Amino acid sequence: MLRLDRRRVRLCDGVSRRSFLQIGGLAMGGLALPQILQAQQQTGNSSQHKSVIMIFLAGGPPHQDMLDLKPDAPSEIRGEFDPISTNVTGLQISELMPRVAGMMDKFTVIRSLVGAEGRHDSFECCTGRHFNGNQPQGGWPAIGSSLSKLFGPVDPAVPAYMDLSHKMAHNPWNIKGSGFLGTAHAPFRVNGESLQNMTLPDGTSGRLAGRKNLLARLDRFRRAADADLDAGLYDTFTEQALGVLSSSKLIEAMDLEQEDPKVRARYGQDDPKVLGYALDQGYQAIMSRFLQARRLVEAGARCVTCSFAHFDWHGSNFAHARKVVPLLDQGIAALVEDIHDRGLEKDVTVIVWGEFGRTPKINKSAGRDHWPTVHAALLAGGGMRMGQAIGSTNRLAESAEDRPVHMQEVFATLYNNLGINLATATIPDHNGRPQYLLDRQQPIRELV
């Protein structure tokens, strides 16, 4: 899908442009690599490497069955699951999450999250903004795109913003991109097909020979490009883009065969059939994505996003939860344990949440419906104060009773962990007007 010659680079769509390089086979959505690399010129802070991993639970997870159980509520409210004690005195979560419970001192649960717009959409979880608000031309960028703009990549071979999610059938759930910042700061999307293109199956000697030939051609092209660069025929960012192609760092970060088998086992087995109805819709429980996220932030990614399974359970809420929540529990516990084992707990912030909560009252189909009034989230790492529950809901888990926490406060905390001063940091929109990253600029005081 990539054709190189001395005179020009021909794209997979047949369009030739001088000093332009594009990878079609890596699902970059038409993103020019030189544009990614040009983001480095925005600031001299590219050596800073703090990261965010966001796990998006598409559909709205039931907070009453995971993080805010109400055992004393009427049966039509409390559901089928019991709370269990954690290793933090007085803090309980669902029996479906024993691994997180056993290391709750490394997590903080927010039980009084407010500000949800009520849309089945990843927009607010990605941007911190309401979709229906007054968006600038081009739309608000996701946090990963903002980080790409503010800091650029840590390493030219590793995009600053990466999305590990499968493409989801309900398009608004798919992780959001760069908005008014443009394709230079769009997420690098590593879906199943793209990952397959980046790896070499066993026994494919013909393909191996072909790739060796491609590497030789790239080497020849690089030597020619060096001469052309000296002659002023190529710009610096195109030359750096060639470095991305010839570097194995990104592919190595995605290659789990290089990981300790004991660590891999801790994360569990992928279960693409966890919800049979969602097999071909992108709502899979891919446990290895949690491990890939950790490897990518170590390699240099500033923001890694990943969707997990599906939580829009208007029916069979408890049957689905018994399948999905234990896997989520294993994945996020392994991720946070791994982060601590590798000394990354001050540099990597993990956020696990969905777009809203679920109704306190169980419907006739044993499901819970949409409930934007209040929901919950899990946070870990980032040098924050862990081992606590922030806020509370009333006895039916239907509204915030104590310490409501706005979703933008969560974003303010993420940015604060990354060393960004929200009072001064701005990014220019299409018209060159500086835009603040958030309206609410104060991080959650209990965490910082």
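Quick notes on this one:
- Residues in the range 396-448 that are under 19 Å from ALA377 (Cβ atoms), among the small types (Gly, Ala, Ser) and over 24 Å from the mean Cα position of the chain (by Cα): ALA397, SER399, ALA400.
- Only residues that are over 23 Å from GLU446 (Cα atoms) and outside any loop (DSSP other than H, G, I, E, B) were counted in the range 416-436, giving 6.
- Scan of the range 345-354 for residues that are buried (at least 18 other Cβ atoms within 10 Å of the Cβ) and farther than 14 Å from PRO62 by Cα, ordered by number: GLU345, ASP347, VAL348, THR349, VAL350, ILE351
- Filter pass, ARG342 being in contact with an Asp or Glu (Cβ under 7 Å, 6 or more places away or on another chain) and over 22 Å from SER85 (Cβ atoms): no
- Failed item in (1) crowded, with 20+ Cβ neighbours inside 10 Å; (2) under 30 Å from SER178 (Cβ atoms); (3) charged (D, E, K, R), with ARG111 passing the rest: (2)
- Within the range 62-79, none of the residues are of a type in the set (A, V, I, L, M, F, W, C), crowded, with 23+ Cβ neighbours inside 10 Å, assigned to a strand (DSSP E or B) and modelled with pLDDT of 95 or more.
- Looking only at the range 361-371, and only at residues there that are touching a strand residue (DSSP E or B) at 6+ places or on another chain (Cβ under 7 Å) and assigned to a loop (DSSP other than H, G, I, E, B), the one that is nearest to ARG119 (Cα to Cα): ASP369
- Test: LEU396 is within 30 Å of HIS320 (Cβ to Cβ) and not small (Gly, Ala, Ser): yes
- Close Cβ contacts (under 9 Å, 6 or more residues apart or on different chains) running from residues in the range 430-443 that are closer than 24 Å to VAL405 by Cβ to residues that are among the β-branched types (Val, Ile, Thr) and in a strand (DSSP E or B) comprise GLN435/THR426; GLN435/ILE427; TYR436/THR426; TYR436/ILE427; LEU437/THR426; LEU437/ILE427.
- Meeting the requirement of 2 or more residues that are farther than 29 Å from ASP369 by Cβ and modelled with pLDDT of 95 or more, the strands (runs of 3 or more DSSP E) wholly within the range 91-184 are 161-163.
- With respect to the conditions (1) crowded, with 24+ Cβ neighbours inside 10 Å; (2) touching a helix residue (DSSP H, G or I) at 6+ places or on another chain (Cβ under 6 Å), ALA321 lacks only one, and its number is (1).
- Tally, over the range 132-173, of residues that are under 23 Å from VAL350 (Cα atoms), of a type in the set (S, T, N, Q) and without any contact (Cβ under 8 Å) to a residue 60 or more places away in the chain: 1
- Of the residues examined, PRO98 is one that is in contact with a strand residue (DSSP E or B) (Cβ under 9 Å, 6 or more places away or on another chain) and surrounded by fewer than 20 Cβ atoms within 10 Å (Cβ to Cβ).
The values are calculated or read from the model by the stated rules, or taken from the named source; none is laboratory data. Not measured: the values here are computed from a predicted model. As a convention, Cβ positions derive from the backbone with ideal geometry for all residues, glycine included, and neighbour counts pool all protein chains shown.
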